[in-house]
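Some notes on the structure that comes next.
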Amino acid sequence: MKIDILSLFPEMFKGPLTQSIVGKASEKGLLQIDVTDFRDYTTNKQRHVDDTPYGGGAGMLLQAQPIFDALDAVEEKNGGLGRVILLDPAGRKFDQKVAEELSKEEHLTFICGHYEGYDERIRTKVTDEISLGDFVLTGGELGAMVVIDATVRLLPEVLGNAESAVGDSFSTGLLEYPQYTRPADFRGMKVPEVLTSGNHQKIAEWRNKEALRRTYLRRPDLLENYPLSKQEEKWLREFKTRGVADE
């Protein structure tokens, strides 16, 4: 996958995107990330990339010219831009389904804004507007990093175990089931016996039930559109009748 990022603060990406899973993906040649400082493309002698909005109002807006010219340069270099993503509070709320969708693309281009917003004409170059949620950050850089991290880990061969991404919270529609590692007894807190039984069918059933229990307890809204199996319907009735923390 190729990822291009347009930002006024390219240094912000040097640490996070060279570490952990994303960094390893780059080392393996599965990912290439380039960051462009679109201030380098301004025609303003003082290197300004913002200006006051027509009609008045508080704050400054990013001008169209530097971003358009930076996108043109990226497009010429790569033979295209792929999906062009604008990090914006008004955008589509980012979730696991969006990450899965983006992970199927060969090329993504992120535009990270600052100040009070963008010249509206910038949106004509955008294919996707994405928001992390109902809050405002000082810029789009942190949002871009989150989207990139969540997307890159879904690329084939990026994770050491391909099953890891499949069982993640939200990938199945449920939160992830509880997990344990050694020792089996830590300060009197014991690992559920089923997990040490070696019976893979019972382990799979336990995990499914506990994922459903945790989702019902913590994020019941996720169950509104989740297609319950007959067994899961039975467990859900059990939770409602006996309580979710009985076992």
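The values are calculated or read from the model by the stated rules, or taken from the named source; none is laboratory data. This one's a predicted model, so the numbers in the text were calculated from it and none came from an experiment. Cβ sites come from the backbone with ideal geometry, for glycine too, and all protein chains shown count toward neighbours. Note: areas computed on protein heavy atoms with side chains; ligands, DNA, RNA excluded. Shrake-Rupley method; radii C 1.70, N 1.55, O 1.52, S 1.80 Å.
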Output for Cβ contacts, cut-off 8 Å, separation at least six or different chains, first residue over 19 Å from GLY113 (Cα atoms) in the stretch 7-19, second small (Gly, Ala, Ser), reads THR18/SER26
Mind checking which pairs have a first residue in the stretch 49-70 that is free of Cβ contacts under 8 Å to residues at least 60 places away in the same chain and within 11 Å of GLU120 (Cβ to Cβ) and a second that is open to solvent by 60 Å² or more (accessible area, probe 1.4 Å) and of a type in the set (D, E, K, R), Cβ under 7 Å, 6 or more apart or different chains?
LEU61/ASP51; LEU61/GLU116; ALA64/ARG121
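Residue-by-condition table, conditions (1) in contact (Cβ under 8 Å) with a residue 40 or more places away in the chain; (2) over 16 Å from the mean Cα position of the chain (by Cα):
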residue: ILE3; (1), (2): yes, no
residue: THR42; (1), (2): no, yes
residue: GLN46; (1), (2): no, yes
residue: GLU75; (1), (2): no, yes
residue: GLY80; (1), (2): no, yes
residue: LEU86; (1), (2): yes, no
residue: GLN96; (1), (2): yes, no
residue: GLU101; (1), (2): no, no
residue: LYS104; (1), (2): no, no
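Give the stretch 53-97 a look and list any residue that's assigned to a strand (DSSP E or B), open to solvent by less than 60 Å² (accessible area, probe 1.4 Å) and not small (Gly, Ala, Ser), or say none. Step through it out loud before you land on a result.
Step one: filter the stretch 53-97 for residues assigned to a strand (DSSP E or B), giving 61-62, 83-93.
When the remaining residues are screened for being open to solvent by less than 60 Å² (accessible area, probe 1.4 Å), the result is 61-62, 83-88, 91.
Within the stretch 53-97, LEU61, LEU62, ARG83, VAL84, ILE85, LEU86, LEU87, ASP88 meet the criteria.
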Taking the residues in the stretch 44-91 that are of a type in the set (Gly, Ala, Ser) and at pLDDT 95 or above as candidates, determine which candidate is nearest to GLU105 (Cα to Cα).
GLY82
With a cut-off of at least 2 residues that are open to solvent by less than 60 Å² (accessible area, probe 1.4 Å) and at pLDDT 95 or above, name the helices (runs of 4 or more DSSP H) lying wholly within the stretch 119-236.
141-152, 200-218
Filter the stretch 98-118 down to residues that are open to solvent by 30 Å² or more (accessible area, probe 1.4 Å) and either modelled with pLDDT of 95 or more or of a type in the set (Ser, Thr, Tyr) (or both) and give me whichever is nearest to LEU8 (Cα to Cα).
TYR115
Given (1) out of contact with any helix residue (DSSP H, G or I) (no Cβ under 6 Å at 6 or more places or on another chain); (2) assigned to a loop (DSSP other than H, G, I, E, B); (3) at pLDDT below 95, number of the condition THR241 does not satisfy:
(2)
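Out of GLU105, GLU76, report the one residue that is touching a Lys or Arg at 6+ places or on another chain (Cβ under 8 Å) and at negative phi.
Details: GLU76 fails: touching a Lys or Arg at 6+ places or on another chain (Cβ under 8 Å).
After applying the criteria, what remains is GLU105.
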For ASP34, the lone unmet condition from (1) at pLDDT 95 or above; (2) over 20 Å from GLY140 (Cβ atoms) is (2)
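So, of the residues in the stretch 36-52 that are open to solvent by 60 Å² or more (accessible area, probe 1.4 Å) and not in a loop (DSSP other than H, G, I, E, B), which turns out to be nearest to PHE13 (Cα to Cα)?
Ranking the qualifying residues of the stretch 36-52, first place goes to ASP40.
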Note on LEU108: of the conditions (1) in a helix (DSSP H, G or I); (2) closer than 30 Å to ASN225 by Cα, unmet is (1)
Breaking point among (1) open to solvent by less than 30 Å² (accessible area, probe 1.4 Å); (2) part of a loop (DSSP other than H, G, I, E, B); (3) touching a residue at least 60 places away in the same chain (Cβ under 8 Å), for ALA25
(2)
Can you give me the number of residues within the stretch 180-198 that are in contact with a helix residue (DSSP H, G or I) (Cβ under 9 Å, 6 or more places away or on another chain) and of a type outside the set (A, V, I, L, M, F, W, C)?
3
